[in-house]
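What follows is a short report on a single structure.
Readers should treat all values here as calculations from the given coordinates under stated rules, not as data from a laboratory. The structure displayed is predicted, hence computed values, not measured ones. Positions of Cβ are generated from backbone atoms using ideal geometry, with glycine treated the same way; all protein chains shown enter the neighbour counts.
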Amino acid sequence: MGNVLTDEKIPNNVNLSGDKRLQRALEEWQPHFIDWWKQMGPLGWQERDIYLRTAVSVETDGWAHFDHVKMPDYRWGIFLEPKKEGRTHGFGDFYGQPVWDEVPGEFRNLMKRLIVTQGDTEPASVEQQRDLGATAPSLYDLRNLFQVNVEEGRHLWAMVYLLHTYFGRDGREEAEELLARRSGDADKPRILGAFNEPTSHWLSFYMFTMFTDRDGKYQLSALAESGFDPLARTCRFMLTEEAHHMFVGESGVQRVLKRSCELMKETDGDPRSAGGIDLATVQKYANLWFTLSLDLFGGEVSSNAADAFAAGIKGRYKEDRYDEHKLVGSHFAMDVLEGGKVVHKDVPMRNALNEVLRTEYIKDCQRGVDRWNKTIKDEGIDFEIKLPSHKFHRQIGMWSGSQFTPDGEMIDAATFAARRGEWLPTDADEAYIKSLMKPVYERGKMANWVAPPAKGINGLPEDFEYVRL
Ligand code: BYC
């Protein structure tokens with residue numbers, strides 16, 4: 001018996017050692033996960049000691065345990081937020097009834113699809129970020145990258161736990177498939193669009209963790225409301241880790257902006273001449289990753305979203321902020337495309353739920369962008385980053401068949417093609433950003449194109465040995 005999974009190896013609060021069926025399923029899956037991690041996880045750093053935070057329990061002092069560890073020895077745990085006795089469905093057709101501890105047969109496929117879609121994004125993002133360690137701007141950033149990577153790995157474990165425990169043989173097969181798809185692969189791509197886009201440099205990595213991880217926050221929050229209690233409790237715990245990922249993104253872009261402003265002042269307004277990134281290029285990458293992430297919310301009008309809400313499986317962001325939780329007969333006023341024209345009209349609320357969630361997400365993104373703009377202003381530079389219209393550059397949903405400017409004005413395809421390079425990164429921009437990506441592995445040193453962080457990790461100084469070389 002080679003691979004025995006103990007509570008020591010897999011920290012958990014799901015009684016792994018007492019659940020022989022789960023233990024057997026995970027014992028079979030875990031070596032495949034490690035193979036996948038070695039094959040597709042961070043390239044080149046597996047034998048180094050990295051200063052990582054590991055969740056060892058769900059208590060406040062237990063989910064933030066810091067130590068130097070080698071990534072393959074990271075203890076990927078399984079944690080659910082503790083059960084609340086007497087919890088009832090918070091929305092949908094079963095509103096007020098006791099939540100489920102098992103999956104009702106009639107919702108099995110819908111539920112499985114949502115869990116698989118969520119699960120698929122986690123390994124996908126690790127694959128997308130695989131090469132970034134070769135060009136890290138500092139040891140601080142390198143460590144943050146690996147922290148994000150191991151936690152995405154843990155989030156995969158969380159979804160696999162649900163598949164193994166509640167979906168029998170189908171679930172085990174889906175868990176294997178999660179390790180078989182590959183980001184960007186022509187034959188076996190990841191399920192959702194943004195997770196097949198390359199994250200080929202650190203500016204894209206910061207934008208990804210700012211915008212795409214924030215989609216994660218909203219999707220997980222909607223699933224955290226679920227009437228399938230194990231799913232809700234799993235997502236609630238995942239959200240505690242998600243906050244750090246968005247911090248890496250938001251503060252990363254903010255540090256780029258600060259450095260760009262400094263270099264503008266040193267060079268009469270041309271940061272590229274001093275090896276920095278101009279603000280217009282930062283804007284293009286924000287346009288790209290924001291719109292790729294908008295696509296992740298699905299179609300504007302969606303019967304799938306209505307079904308998932310009715311079934312009590314996927315709710316709204318912070319459902320208890322709302323007064324009404326059944327949404328029968330209510331409407332959402334939104335822009336739709338009718339006969340080739342944009343019109344504002346009422347859509348039955350349940351069908352509009354992807355758009356409702358996307359709207360909340362956009363507000364959250366705007367709050368982050370406001371903080372970026374404050375940094376630019378504090379540097380004395382007259383420039384603002386703007387979020388483009390939700391209609392611009394869409395590949396999923398109602399707007400995907402038409403073309404819009406970042407201001408939301410409808411244009412024809414030829415105009416879009418001619419002006420695309422003003423709004424989205426060009427091959428030349430991509431080549432320029434890549435040319436800046438030279439690794440800086442000296443303690444306390446920082447690449448020239450990005451400012452140092454305001455403070456280190458876990459109260460440590462910025463020049464701490466976050467990765468032992
Ligand atoms: N790409 O009714 P529709 C994260 C499909 S990120 C490709 O419009 P629906 C993370 C859809 O599957 C959070 N296909 O939308 C972040 C459907 O297919 P079928 C991930 C897409 O069904 C960073 C059809 O189009 N979490 O955690 O409401 C790092 C029509 O669908 C896309 C989740 O996604 C797309 N973008 O889907 C690491 C939560 N969008 O049924 C991690 C779980 C839609 O016609 N998933 N389609 O074959 C869901 O809640 C829903 O599946 C969606 C919306 C949000 C994707």
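Tabulated data for the structure shown
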quantity: At most 15 other Cβ within 10 Å, DSSP loop - trypsin sites (Lys or Arg not before Pro), segment 260-335; calculated: LYS318
quantity: Separation of the ARG419 and HIS32 label points, Cα + 7 Å toward Cβ, nm; calculated: 4.9 nm
quantity: Likely footprinting exposure, ASP7, ASP320, fewest C-beta neighbours within 10 Å first; calculated: ASP320, ASP7
quantity: Sequence-distant lysines (8 or more away, or on other chains) whose Cα lies within less than 20 Å of LYS445; calculated: LYS258, LYS434, LYS455
quantity: Estimated Rh, segment 374-415: Kirkwood, alpha-carbon pairs, angstrom; calculated: 12.0 Å
quantity: Packing-based exposure ordering (other Cβ within 10 Å, fewest first) of LEU337, LEU139, LEU145, LEU469; calculated: LEU469, LEU337, LEU145, LEU139
quantity: Amide proton proximity set for ILE78, modelled H, under 5 Å, gap of 5+; calculated: ASN12, ASN13
quantity: Area projected by the alpha carbon convex hull of segment 235-327, averaged over all directions, nm²; calculated: 8.7 nm²
quantity: Rh by Kirkwood over Cα pairs, then Stokes-Einstein D for segment 188-298 at 1.567 mPa s and 4 °C, µm²/s; calculated: 84 µm²/s
quantity: Segment 31-116 - percent relative contact order, Cα under 8 Å, separation 6 or more; calculated: 18 percent
quantity: Percent RCO, i.e. relative contact order, over the chain, from Cα pairs under 8 Å lying at least 6 residues apart; calculated: 18 percent
quantity: The chain - Rg and Dmax from Cα coordinates, angstrom; calculated: 22.5, 68
quantity: Quotient of Cα Rg and 2.2 N^0.38 Å for segment 126-229, N being how many residues it contains; calculated: 1.19
quantity: Residues whose placed amide H lies under 5 Å from that of HIS68, excluding near-sequence neighbours; calculated: LEU52
quantity: Helical mean residue ellipticity (222 nm; -39500 (n - 2.57) per DSSP H run of 4+; nearest 500) of the chain; calculated: -15000 deg cm²/dmol
quantity: Reachable lysines from LYS318, criterion Cα separation under 16 angstrom, eight or more residues apart if same chain; calculated: LYS217, LYS326, LYS363
quantity: Burial ordering of ARG172, ARG358, ARG419, fewest other beta-carbon atoms within 10 Å first; calculated: ARG419, ARG172, ARG358
quantity: Where only C-alpha atoms are counted, convex hull volume of segment 265-408 per residue in Å³; calculated: 137 Å³
quantity: Kirkwood Rh and Cα Rg combined as Rg over Rh, evaluated for segment 8-134; calculated: 1.02
quantity: Shape call, segment 344-424: gyration tensor on alpha carbons, a/c limit 1.5; calculated: oblate
quantity: Neighbourhood net charge (11 Å Cβ-Cβ; Lys/Arg +1, Asp/Glu -1) for MET238; calculated: -2
quantity: Segment 206-233 and segment 374-416: distance between their alpha carbon centers, rounded to Å; calculated: 25 Å
